[in-house]
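The values are calculated or read from the model by the stated rules, or taken from the named source; none is laboratory data. Since this is a predicted model, take the numbers as computed values, not measurements. We place every Cβ from the backbone using ideal geometry, glycine too, and count neighbours over all the protein chains shown.
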Amino acid sequence: MDYKQQVADALTAPLDGTLTTEKIKDLIETPKTSKMGDLAFPTFTLAKSMHRAPNDIAAEVVEKIDQSQFEKVVQAGPYINFFLDKSAYANDVMSAILSQGSHYGDYDEGHGGNVPIDMSSPNIAKPMSMGHLRSTVIGNSIANLLTKRGYHPIKDNHLGDWGTQFGKLITAYKKWGNEADVRKDPITNLVAYYVKFHKEDVEHPELDDEAREWFKKLEDGDEEANRLWKWFSEVSLKEFQKVYDLLGVKFDMYNGEAFYNDKMQEVIDILKDKNLLIESRGAEIVNLDEYNLNPALILKSDGATLYITRDLATGIYREREFHFAQNLYVVGSEQTYYFKQVKAVLLKMGFKSAERMEHIPFGLITVNGKKLSTRSGRIVLLEEVLNDSIALAKKQIESKNPDLKNKDEVARQVGVGAVVFDDLKNERILNIDFNLEEVLKFEGDTGPYVQYTNVRAKSLLNKAGVTLNTEGYTLTDPNAWDTIKLLDDFPQIVKEANDKHEPSVVAKYTIHLAQAFNKYYGNTKILTKDDALEGRLALVKSVSVVLTEGLRLLGVQAPDEM
Ligand code: ARG
C-alpha cells in the first residue's frame, strides 16, 4: 500500500502548486514514534522558498486538507502529522497478503534479465569448509531475491578444478596413494597426499619438477593425467553434493575453472592485439596504473595461465552467453582487490559489460573463535557442522515435543535452518563467529525463533479451524498496529535487500516481525469469539504467510510443527 502516495495526493491541492506531488512524496518522513503519527510532512523546504515561518505554513496548510480519508491530521510545530485510517489500512495490508500468498512482495523490476551468480565454488580435492558455506547460502538467497524482483538468476559453481596443484596431487597419488582409500574417503585421503607432498618436497625439490611435468601432461591432454584429474573431480563433487543436498541448494551450472581451458587462447590473443601484454621478468602482465591497481599477472614465465586468466575468460563467456543485466561474484572479502583487477583488465580489453560486474564480498567465519584453514590442518567440515546441528535440533525437539511425528525431517529443517539463518542475519561484510549452541536457541535472534513463531501462528489457525476470506476485515486493535505496519513494509524490504544484495535485511526483518507478533500474541486473546475474531485470524495468517516467504528467501524451511 502506498500510503506516502495517499498523503502526497492529499497535500497537493492545499499546497497550491508550490511543490509537485512527486516532490512532496520525497519529503514525507516517518515520525519517531507512532504516537506522533504514521507519516509526517515537514515544511522547512517550503519555508525557505516562501520566506515564511515553517510553523505558520504548517498551521495554514493543515486547515485545507481533506481529513475524511484519515483518522486525523494535526499540526505539530513545523510538521503536519498524518494518522492513517487504521481499519482501512489493516484491511488493505491483510487483503493484499491473503490474496497474493507467497507472491506478496513480488515485483517485476528485472524483466527476466539474466544475472549469473558465481557462488560456492569450492576447490576440488579439498574439503568444503565453513568458509564456502557463506558463499553458498548468501549466493542462494541473493538468487531468491533476484527472482522475486523479476530477474533470472543463473547459479554458477565456479569450481577450483584447475591449476598447478593438480600436478602435485597426481604426483603424490602416484607415489603414496591407492585407489581403495580414495574410494572410501576421497577428500581426507586426497588432502593427506597433498600435505605429504608439501612436507616431502622441502627435502626433495625434484618432486616439484615431477609435479610440473604432470601438470603439463594434464594440459596437453595426456590420457592418464586426465583420467586421474577427472576421477578426483568426480569424487570431490560427490562429497560437495551431500552438503548441497542438506542445504537444499541447487545450481544451474558447474562451470569450473577447467571449463575455460579452451577459451584461454582468445583472452591472450585479444590482450596481444590491443598491445596490453607487457613482458616482466619472463612473465606477461597487464599494467593497471590508470586504475590505481598493481599489474595483473596473466601468464607465468613457462606460459602457464593463472586463476585470473580463467576469470577473464569467464567474464567474456558470461557476456556472450547471457547478455547479463548484472554479473555477480559471491566471494570472500579477501579477494576484493583481485576482483578489481579482473574488472579493470576486462574494461581495458574493451568489454564494457564489465561495468555490470559486481564482487559481493563477505567477512571471515570463525568457529568457536578459531580460524579455519586447510594448511594448518584445522579443517572444519561443513557436512559435520550441519549434521551436528541437526543432531542438536533433534535433541531439543525430543525434550520439547516428544510426540512430534516426523521428528527427523523437522530436525533437519531446524538444524540446517539455524546454521543458514545465523550466516545471513548480520551484514554479510562482517566477520562472524559460529557457535552451535547459540544458533540453535529457540529464543533470541535465531532461525529457530522465527520458525517457532511461525509454528505458533499456524497452530492458532489450526485450532480456530475457520476458512478465511481474502478481504473485508476489520481490525482496529491498537496492539496489532506494529505488526500491521511491519507486514506492510515487506515489499520494500525485499527491494532494499535485492538492491544491496544483502539477505540480512530480510533476516532482520523476520526477527522484527516475529517479535512484534509475539508481543501481540502475548497481549491479546486471539481466539475469543467476538466480532473481530476473523480480523485477528487474518492477521495471524498474514504473519505466517510473510514469515514463511521471508524464510524461503533466505533458503530456510518453515516447518508446520516443531
Ligand atoms: N575457488 C575459489 C576459492 O575457493 C573461489 C572462486 C571464486 N570465483 C571466481 N570466479 N574466482 O577461493
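Could you tell me which of the residues 328, 297 is outside any helix (DSSP H, G or I) and within 12 Å of the ligand (Cβ to nearest atom)?
328
Between a first residue in segment 307-334 that is farther than 27 Å from residue 166 by Cβ and a second residue that is near the ligand (Cβ under 8 Å from one of its atoms) and at pLDDT 95 or above, which pairs have beta carbons less than 7 Å apart while being 6 or more apart in sequence or on different chains?
So the pair list comes out as 328/118.
So which pairs qualify, if the first residue must be in segment 392-420 and at pLDDT 95 or above and part of a helix (DSSP H, G or I), the second must be polar (S, T, N, Q) and surrounded by fewer than 20 Cβ atoms within 10 Å (Cβ to Cβ), the Cβ gap must be under 7 Å, and the two must be at least 6 apart or on different chains?
Going by the 7 Å Cβ cut-off, the qualifying pairs are 413/557; 417/557.
Step by step: first the residues of segment 235-267, then only those that are more than 23 Å from residue 388 (Cα to Cα) and among the acidic types (Asp, Glu), then the one that is surrounded by the fewest Cβ atoms within 10 Å (Cβ to Cβ). Which residue is that?
Filtering first and then ranking leaves 262.
For residues that are touching a Ser or Thr at 6+ places or on another chain (Cβ under 8 Å) and more than 10 Å from the ligand (Cβ to nearest atom), scanning just segment 125-142, find the one that is nearest to residue 361 (Cα to Cα).
Per the stated criteria, the residue is 139.
Residues checked against (1) β-branched (Val, Ile, Thr); (2) surrounded by fewer than 19 Cβ atoms within 10 Å (Cβ to Cβ); (3) in a strand (DSSP E or B):
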position: 111; (1), (2), (3): no, yes, no
position: 127; (1), (2), (3): no, no, no
position: 140; (1), (2), (3): no, no, no
position: 147; (1), (2), (3): yes, yes, no
position: 182; (1), (2), (3): yes, no, no
position: 189; (1), (2), (3): no, no, no
position: 197; (1), (2), (3): no, no, no
position: 203; (1), (2), (3): no, yes, no
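Surrounded by 15 or more Cβ atoms within 10 Å (Cβ to Cβ), at pLDDT below 95 and outside any helix (DSSP H, G or I), is that true of residue 46?
no
Would you mention how many residues in segment 143-174 are more than 16 Å from the ligand (Cβ to nearest atom), aliphatic (A, V, I, L, M) and closer than 23 Å to residue 244 by Cβ?
Residues flagged as more than 16 Å from the ligand (Cβ to nearest atom), aliphatic (A, V, I, L, M) and closer than 23 Å to residue 244 by Cβ within segment 143-174 amount to 2.
How many residues does segment 215-234 hold that are buried (at least 16 other Cβ atoms within 10 Å of the Cβ) and modelled with pLDDT under 95?
5
For segment 331-354: of the residues being in a loop (DSSP other than H, G, I, E, B) and out of contact with any Ser or Thr (no Cβ under 8 Å at 6 or more places or on another chain), which is farthest from the ligand (Cβ to nearest atom)?
My answer is 350.
Among the aliphatic types (A, V, I, L, M) and closer than 30 Å to residue 421 by Cα: does that describe residue 125? Quick ask: steps written out before the conclusion?
Values: among the aliphatic types (A, V, I, L, M): yes; closer than 30 Å to residue 421 by Cα: yes.
Against the criterion (among the aliphatic types (A, V, I, L, M) and closer than 30 Å to residue 421 by Cα), residue 125 qualifies.
Scanning segment 355-371 for residues that are modelled with pLDDT of 95 or more and within 13 Å of the ligand (Cβ to nearest atom), which turns out farthest from residue 151 (Cα to Cα)?
362
One residue is enough: does segment 447-462 have a residue meeting the conditions in contact (Cβ under 8 Å) with a residue 40 or more places away in the chain, surrounded by 15 or more Cβ atoms within 10 Å (Cβ to Cβ) and in a loop (DSSP other than H, G, I, E, B)?
Checked segment 447-462: no residue is in contact (Cβ under 8 Å) with a residue 40 or more places away in the chain, surrounded by 15 or more Cβ atoms within 10 Å (Cβ to Cβ) and in a loop (DSSP other than H, G, I, E, B).
Give the number of residues within segment 496-525 that are part of a loop (DSSP other than H, G, I, E, B) and either buried (at least 20 other Cβ atoms within 10 Å of the Cβ) or among the acidic types (Asp, Glu) (or both).
Summing the residues that are part of a loop (DSSP other than H, G, I, E, B) and either buried (at least 20 other Cβ atoms within 10 Å of the Cβ) or among the acidic types (Asp, Glu) (or both) in segment 496-525 gives 3.
Specify the residue that is modelled with the lowest pLDDT; the eligible residues are those in segment 437-469 that are closer than 15 Å to residue 425 by Cα and of a type in the set (Asp, Glu).
Residue satisfying both the conditions and the ranking: 443.
Given the residues 317, 329, which is the only one that is crowded, with 16+ Cβ neighbours inside 10 Å, under 30 Å from residue 150 (Cα atoms) and touching a His at 6+ places or on another chain (Cβ under 7 Å)?
When all the criteria are applied, what remains is 329.
Given 76, 58, which one is crowded, with 16+ Cβ neighbours inside 10 Å, out of contact with any His (no Cβ under 8 Å at 6 or more places or on another chain), of a type outside the set (Lys, Arg) and farther than 13 Å from residue 6 by Cα?
58
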